[in-house]
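The values are calculated or read from the model by the stated rules, or taken from the named source; none is laboratory data. Remember, it's a predicted structure, so these values are computed and weren't measured experimentally. Please note: Cβ atoms are built from the backbone with ideal geometry, for glycine as well, and neighbour counts cover all protein chains shown. Remember, those area values only see protein heavy atoms, side chains included, never the ligands or the DNA or RNA. Shrake-Rupley method; radii C 1.70, N 1.55, O 1.52, S 1.80 Å.
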Amino acid sequence: MTSFGAVFKAVNRLKFRQMNLLIVLELLAIVVTTIWTAIRGEYSNMTVFTTAMGWSTVPAFVGVILIAIRHEKVYTADSYRLIPVEETKFYTINLLSSLANIVYLAVVQLGIYIISMLFGWQELASMAKDMTTPTHIESGWLLMGLSIIVLVLVLNMVFWSTISFVHLVTSSASTFLPKFRQGVLNIIVYAIVVFLTLRVSGLIGNGVSWISQTMFNNGGSFDWVGQLWITIFVMIVVILIEGAINVLCLKRWVETDAN
Amino acid sequence: MTDILKIENLTYKRNQRLLLQDVNLTLTAGKIVGLLGENGAGKTTLMRLITGSAQGHGTIMVSGTQTPTERKSHLSFSEQLRGFNRNTKVAQVVAFYHTVYPDFDPQRFHELAGFLQIDVNLRLGALSKGMREKLIIALTLARQVDLYLLDEPFSGIDSMSRKKIISSIIQWMPEEATLLISDHYVTEIAPILDEIVVVKDQTIAVHRAADEIRSESGMDIEDYYESLYEGGVNRD
C-alpha cells in the first residue's frame, strides 16, 4: 500500500503548482499597477498597500475555484485512482491537501500585505492611532482572530465537500439509471444544491452582519465567539456527513473516466 | 500453477445497459494472454473491472487478494495519463510513479526508456501518439507486479513502434508475471501469446492455449480468431 505522505505529495503536486502560478500572476499585477500609477503621477506611500489589498481578492477567489477543479479531477482520473490506497484515506488526503494549499495561499497573502505595509508604514501607523477599538474586542482579539480564521477554513472545506458531494452522487447515478433519467436526476441534484447554496450564503451574509453588529454595538455582553464556534461545529458535522456519503460513493459506484 | 487472476460470475451494467455478464476466467502465472474482441466488445471494460476503475458484481481476485485496494498493489495497468496536464514533463510523471508505487523501479524504467527511445525531458503535450504509447508501456512495465494489463497498446501507431513495444514486453516482463494484452488486431501479438481470451456477446466466448489452437484446428491464431466471427469454428 502507498503511504499517507506519498499520496499527499502526489495529490498535492498540481494544486501547489497552480497556487504558485496564481501568486506569480498576483505579484505581476501589483507591480504593473504600481508602475502604471507612478506613470500617471499618482504614486504615494500608500499605493503599494492599496494595490496589494485591491488585487488580493482575485487569487483568493480563483484559488478556491482552481483547487475545487483539481480536487474533483482526482476522483475520476486513473492516474490517481489506481494508487493502492483505501478510499477513506484517499478522500481525507485530498481534502487535507486542498486545505493545505488554501492555507499556503493565505500565508503568502499575509506576507504580501506585510511587505506592502512597509511602503506606507508611517501613514498606516498614524491612521491606526486615530482609530478606536471597543475594549471588549481589544481584550479578546486573539480568540476573535482565531475563530474567524477557523471559520473561513471550515467554510472552504464545506465548499469543496459539497462540490464533491454533487459530483460523486451524480456520477454514482450512472450505475442505476438510464442516460435520460440520469440527466433528470443531475438537474434535480443541481437545483437542490443551488437552492441550498443560496440559503447558506444568505445565512452566512446575515451571520456576518450580525457578528459585526454584536461585536461593535453590544459592549461585549453577548457571547458572539461561542455562537461562531457553534456555527463551525455545525459545518464540521456537514463535512463529516457529506464525507461519509462521498466515500461510500467512491467505494461502491464512482468510476474513472474510461481510456 | 498459481492463479494470478480469478474472475467468477462477473456482471457489469452501466446506465442500465448490460455490458458484460457471467464472466468467468482464470489466468495462471507466467503467461502472455491476448484479450481479443471487436471494438466495443468489452475488453477495456473487463480490464477496468480488474483494476477496480469500474465496479461490477461478482468476484475478482488478483494474486489471492479481493478488495480493489489490495488488487491495485498487485497489478499494473496501462492508464492513459489523463491525470496530468499537457505541460507536465515526462520526468515529472516518472517521479509521480516513483512516489506512489513502492514497486516502481526507476532503473528499469530508464532501461526501457532507452530501449524505446523516450526523451524524458519532453512535455506530455509534445509527445506523438506512438511516443506517448511507448511511455505508457515503459511506466507500466517498470513496476514489479504479478499482473500487467496492457489495453490496446498498438492502436494508431506505426509498425516499427509496434515491433519495439513487443520486444520490450518480451525483454522486460518478469518470467513469473502474467500479461493480459488487449487488441482487435491479432497479427502483431499472435507469435508471443501463450493463451487467447475472446470477449464476444458480452462474455468470455473462448479461453484456449495458443498451441492447442494451432495443433487442434490447424489454423494460426489470426485465422482462428477471424473464424469465430464467421461461425466456422465449433467453440464447444
Summing -39500 (n - 2.57) over every DSSP H run of at least 4 in chain A, dividing by its residue total and rounding to the nearest 500, the 222 nm mean residue ellipticity is -30500 deg cm²/dmol
Two-decimal Rg/Rh across the range B:1-112, once Rg and the Kirkwood Rh are taken from alpha-carbon atoms: 1.00
Let me know the Kirkwood hydrodynamic radius for the range B:96-173, please, with Cα pairs as the basis and the value in Å to one decimal. 12.8 Å
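Roughly how much accessible area, to the nearest 100 Å², goes out of reach of solvent when B and A pair up, both sides summed, probe 1.4 Å?
On the way: alone 11440 and 15620 Å², together 23950 Å².
Interface between B and A: roughly 3100 Å².
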Would you kindly find the accessible area of B:ASP211, with a 1.4 Å probe and non-protein molecules such as ligands, DNA and RNA excluded, rounding to the nearest 10 Å²? 110 Å²
Please report, in cubic angstrom per residue, the volume enclosed by the convex hull of the alpha-carbon atoms of the range A:1-65. 82 Å³
Report A:VAL103's accessible area, 1.4 Å probe, all protein chains in place, as a number in Å² to the nearest 10. 60 Å²
On a 0 to 90° scale, report how tilted helix A:121-130 is relative to the longest principal axis of chain A, with both axes built from alpha carbons and the result rounded to the nearest 10. 80 degrees
Given the alpha-carbon gyration tensor of the range A:1-128, what are the semi-axes of its equivalent ellipsoid in whole angstrom, ordered largest first, with each equal to the square root of 5 times an eigenvalue? 39, 14, 9
Can you list the aspartates and glutamates whose alpha carbon sits under 12 Å from that of B:LYS164, skipping same-chain ones fewer than 8 residues off? B:GLU133, B:GLU188
Calculate, for the protein assembly as shown, the solvent-accessible area per residue in square angstrom, rolling a 1.4 angstrom probe over the heavy atoms of the protein chains. 48 Å²
Shape verdict for the range B:1-40, please, from the Cα gyration tensor: rounded (a/c under 1.5), prolate (a/b greater than b/c) or oblate. oblate
How many angstrom separate the Cα center of the range A:223-251 from the Cα center of the range A:5-84? 27 Å
Here, trypsin sites (Lys or Arg not before Pro) of the range B:50-87 satisfying both criteria (DSSP loop; at most 13 other Cβ within 10 Å) are B:ARG86
Going by accessible area, probe 1.4 Å, with all protein chains left in place, what is the ranking of B:TRP172, A:TRP229, largest first? A:TRP229, B:TRP172
Distribution output for the protein assembly as shown: share of Cα-Cα pairs per 20 Å bin in percent, first bin at 0, values 19, 44, 25, 10, 1
For chain B, the longest principal axis of the Cα atoms and the Cα long axis of helix B:159-172 enclose an angle in degrees, to the nearest 10, of 90 degrees
Normalised by the empirical 2.2 N^0.38 Å for globular proteins, what value does the Cα Rg of the range B:90-225 take? 1.14
With every protein chain in place, the residues of the range B:11-29 shedding 50 Å² or more of accessible area versus the chain by itself (probe 1.4 Å) are B:ARG14, B:ASN15, B:GLN16
Above 30 angstrom, tally the Cα pairs of chain A and express them as a % of all pairs, no decimals. 44 percent
From the phi angles alone, apply the Karplus equation (6.51, -1.76, 1.60; θ = phi - 60°) to the range A:40-56 and give each ³J(HN,Hα) in whole Hz, x where the residue is Gly or Pro. 7, x, 10, 6, 9, 4, 8, 4, 4, 5, 5, 5, 4, 4, x, 7, 4
Can you give the accessible area of B:ASP201, probe radius 1.4 Å, in Å² rounded to 10? 110 Å²
With a 1.4 Å probe and every protein chain kept in, tell me what percent of the accessible surface of the protein assembly as shown is carbon plus sulfur. 62 percent
Separation of the range B:117-192 and the range A:159-201 by C-alpha centroid, Å? 39 Å
For chain B, what is the convex hull (Cα atoms) projected area averaged across all directions, in square nanometres? 13.0 nm²
Report the relative contact order of the range A:1-131, percent, no decimals, based on alpha-carbon pairs under 8 angstrom and at least 6 residues apart. 43 percent
Within the range A:1-99, report the GluC sites (Glu not before Pro) that DSSP leaves as loop and that have at most 10 other Cβ atoms within 10 Å. A:GLU42
